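Colleague: Below you will find the structure I want to go over with you.
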Amino acid sequence: MASIRIRFIRTAGLLATLTAWYTGSLFSHVEFGTDRATWIGARLIGGVQERAADYCKPVVEYIYDVPCTDEQLADHLTWMRSQIGIKYDWTDIIGLALQVRTLHRLNEYICSEFYATEMLRIFGASRFLNTLTDWAYRITPETGHLSPLLVGHRVNGKPSE
């Protein structure tokens, strides 16, 4: 069976640590795995990019393989690659820090918005999280990690970690 690979991480840097602390999360970033053993996600430097498997050294890493159909996986991979080059939404991060969640630019992503937009597109709100696609920018890595689609599908570490 096909699956969509998702990775929630925190790296050792100051910004990642502050992001995780401020959002009350174990994580500072979320991204998708690919059929080429790479990662695609929206990062502060470079926006949406496809990066090598070893581009960073996480201090926290949870990887999930969410079951899907072959058609959903093919659509997912095509969509993700079509998003490469989209800018990072700095205003959304500033809005998160100031708790003014209306600071957001259309057609730009933070990592969790990229993740939420795609999961809503593939699985819908009734399976991913009960939110509107237009509000995907309000999802943080922590709230995205609460998706029931992830339950029982972690592939690294111990389930209780």
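Colleague: Among the residues of segment 136-157, how many are in contact (Cβ under 8 Å) with a residue 12 or more places away in the chain, aliphatic (A, V, I, L, M) and surrounded by fewer than 16 Cβ atoms within 10 Å (Cβ to Cβ)? It would help to see each step written out before you state the result.
Modeller: From segment 136-157, those in contact (Cβ under 8 Å) with a residue 12 or more places away in the chain are 136-150, 153-157; that's our starting set.
Now drop any that are not aliphatic (A, V, I, L, M), which leaves 136, 139, 146, 149-150, 155.
From what is left, the residues that are surrounded by fewer than 16 Cβ atoms within 10 Å (Cβ to Cβ) are 146, 155.
Adding up the residues that qualify gives 2.
Colleague: Let me ask you something else. Over 15 Å from N156 (Cα atoms) and basic (K, R): does that describe R36? Walk me through it before giving the result.
Modeller: Values: over 15 Å from N156 (Cα atoms): yes; basic (K, R): yes.
Judged against the criteria, R36 is a match.
Colleague: Can I ask one more? Quick one: which residue in Y55, Y64 is surrounded by fewer than 13 Cβ atoms within 10 Å (Cβ to Cβ) and either touching a Lys or Arg at 6+ places or on another chain (Cβ under 6 Å) or closer than 20 Å to R43 by Cα (or both)?
Modeller: Values: Y64 fails: surrounded by fewer than 13 Cβ atoms within 10 Å (Cβ to Cβ).
The match here is Y55.
Colleague: If you check every pair at least six apart or on different chains, which have Cβ atoms under 8 Å apart with a residue in segment 14-26 that is closer than 13 Å to H145 by Cα first and a residue that is in a helix (DSSP H, G or I) and polar (S, T, N, Q) second?
Modeller: Filtered contacts from segment 14-26: S25/T19.
Colleague: For segment 10-40, which positions are at pLDDT 95 or above and either outside any loop (DSSP other than H, G, I, E, B) or on the phi < 0 side of the Ramachandran plot (or both)?
Modeller: Filtering segment 10-40 down to residues at pLDDT 95 or above leaves 30-40.
The answer is V30, E31, F32, G33, T34, D35, R36, T38, W39, I40.
Colleague: Would you be able to say whether some residue in segment 94-107 is small (G, A, S), touching a residue at least 24 places away in the same chain (Cβ under 8 Å), under 20 Å from A16 (Cβ atoms) and in contact with a strand residue (DSSP E or B) (Cβ under 6 Å, 6 or more places away or on another chain)? Outline the logic, then answer.
Modeller: Restricting attention to segment 94-107, the residues satisfying the condition of being small (G, A, S) are 95, 97.
From the residues that got through so far, the ones that are touching a residue at least 24 places away in the same chain (Cβ under 8 Å) too are 97.
Subset that is under 20 Å from A16 (Cβ atoms): 97.
Right, trim to in contact with a strand residue (DSSP E or B) (Cβ under 6 Å, 6 or more places away or on another chain) and you get none.
No, segment 94-107 contains no residue that is small (G, A, S), touching a residue at least 24 places away in the same chain (Cβ under 8 Å), under 20 Å from A16 (Cβ atoms) and in contact with a strand residue (DSSP E or B) (Cβ under 6 Å, 6 or more places away or on another chain).
Colleague: Still on this model: Of the residues that make up segment 132-148, is at least one modelled with pLDDT of 95 or more, under 22 Å from R7 (Cβ atoms), touching a His at 6+ places or on another chain (Cβ under 9 Å) and not basic (K, R)?
Modeller: No; the residues of segment 132-148 include none that is modelled with pLDDT of 95 or more, under 22 Å from R7 (Cβ atoms), touching a His at 6+ places or on another chain (Cβ under 9 Å) and not basic (K, R).
Colleague: Within segment 24-44, track down each residue that is closer than 18 Å to A12 by Cβ and surrounded by fewer than 22 Cβ atoms within 10 Å (Cβ to Cβ).
Modeller: S25, L26, R43, L44
Colleague: Among what's in segment 121-135 and is among the hydrophobic types (A, V, I, L, M, F, W, C) and surrounded by fewer than 22 Cβ atoms within 10 Å (Cβ to Cβ), pick the residue that is farthest from C68 (Cα to Cα). Give the derivation first.
Modeller: Of all residues in segment 121-135, those among the hydrophobic types (A, V, I, L, M, F, W, C) come to 122-123, 125, 128-129, 132, 135.
Add one more test, that the residue is surrounded by fewer than 22 Cβ atoms within 10 Å (Cβ to Cβ), and what stays is 122-123, 125, 129, 132, 135.
On the way: I122: 9, F123: 9, A125: 15, L129: 16, L132: 21, W135: 24 Å.
So the residue we want is W135.
Colleague: Here's another thing I want to ask about it. When the residues of segment 1-18 are narrowed to those that are touching a strand residue (DSSP E or B) at 6+ places or on another chain (Cβ under 8 Å) and closer than 19 Å to I93 by Cβ, which ends up surrounded by the fewest Cβ atoms within 10 Å (Cβ to Cβ)? Working first, answer last.
Modeller: From segment 1-18, those touching a strand residue (DSSP E or B) at 6+ places or on another chain (Cβ under 8 Å) are 1-11, 16-17; that's our starting set.
Checking which are closer than 19 Å to I93 by Cβ leaves us with 8-11, 16-17.
Numbers: F8: 26, I9: 24, R10: 21, T11: 19, A16: 20, T17: 14.
Step by step, filter segment 1-18, then rank; the result is T17.
Colleague: Tell me which residues, restricted to segment 87-119, are surrounded by fewer than 21 Cβ atoms within 10 Å (Cβ to Cβ) and closer than 20 Å to Q72 by Cα.
Modeller: T117 - this is the single residue of segment 87-119 that is surrounded by fewer than 21 Cβ atoms within 10 Å (Cβ to Cβ) and closer than 20 Å to Q72 by Cα.
Colleague: Considering (1) touching a Leu at 6+ places or on another chain (Cβ under 8 Å); (2) within 25 Å of V66 (Cα to Cα); (3) of a type outside the set (S, T, Y), say which one I94 fails and leave the rest.
Modeller: (2)
The values are calculated or read from the model by the stated rules, or taken from the named source; none is laboratory data. What you see is a predicted model; the values in this text were computed from it and never measured. We place every Cβ from the backbone using ideal geometry, glycine too, and count neighbours over all the protein chains shown.
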